[in-house]
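Taking it in order: structure first as structure tokens, then the write-up.
Laboratory data are not the source of any read-out in this text; all were calculated from the coordinates shown. All values reported here derive from a predicted model rather than from experimental measurement. Heads up, the Cβs are rebuilt from the backbone with ideal geometry, glycines too, and the neighbour counts pull from every protein chain shown.
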Amino acid sequence: MRSEVATLKLIQQKTKVSVPEVYAFDMAFENDISTPYIRTTFLPGEPVTKVCYARRGGEKTHDDFRLNVFTSMAEAMA
């Protein structure tokens with residue numbers, strides 16, 4: 001979980017990719033809700049996994065779309 005928080009903060013600082021802002025997190029079970037959590041802002045839209053794996057048009061079009069999404073993400077994070 002600590003790695004996920006650090007990754008979100010790094011992406012926010014180094015790229016233009018929209019990621020939720022982390023308000024708070026707690027990795028322990030000994031807290032008010034008795035479970036680890038990350039509290040973030042809400043970003044409207046669809047998760048990239050849903051968009052990439054939903055069928056859109058033909059097989060070739062879908063594969064090209066998915067490749068474009070993942071290539072863009074890799075370039076933004078490089």
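Extension gain for ARG66-THR40 works out to 6.7 nm (0.36 nm per residue, less the C-alpha to C-alpha distance).
Relative to the longest principal axis of the Cα atoms of the chain, the long axis of helix 59-77 makes an angle of roughly 40 degrees. The stretch between ALA24 and GLN12 holds 2.8 nm of extra length on full extension. This uses 0.36 nm per residue minus the Cα-Cα distance.
Applying both filters, DSSP loop and at most 15 other Cβ atoms within 10 Å, to the trypsin sites (Lys or Arg not before Pro) of the stretch 17-57 gives ARG55, ARG56.
Placing +1 on each Lys and Arg Cβ and -1 on each Asp and Glu Cβ, with no other charges, gives the chain a dipole about its Cα centre of roughly 280 debye.
Among the GluC sites (Glu not before Pro) in the stretch 1-40, those placed in a DSSP loop whose Cβ has at most 15 other Cβ atoms within 10 Å are GLU21, GLU30. Think of the chain as a dipole: +1 on every Lys or Arg Cβ, -1 on every Asp or Glu Cβ, centred on the Cα centre; then among TYR37, MET1, THR15, THR15 lies furthest on the positive end. With loop membership from DSSP and a limit of 13 other Cβ atoms within 10 Å, the longest segment of the chain without chymotrypsin sites (Phe, Trp or Tyr not before Pro) is 43-78.
How long are the semi-axes of the equivalent ellipsoid of the chain, defined as square roots of 5 times the Cα gyration tensor eigenvalues? Whole Å, largest first.
Working: eigenvalues 189, 50, 20 Å².
Three semi-axes, in Å: 31, 16, 10.
Among the trypsin sites (Lys or Arg not before Pro) in the stretch 1-37, those placed in a DSSP loop whose Cβ has at most 15 other Cβ atoms within 10 Å are LYS16.
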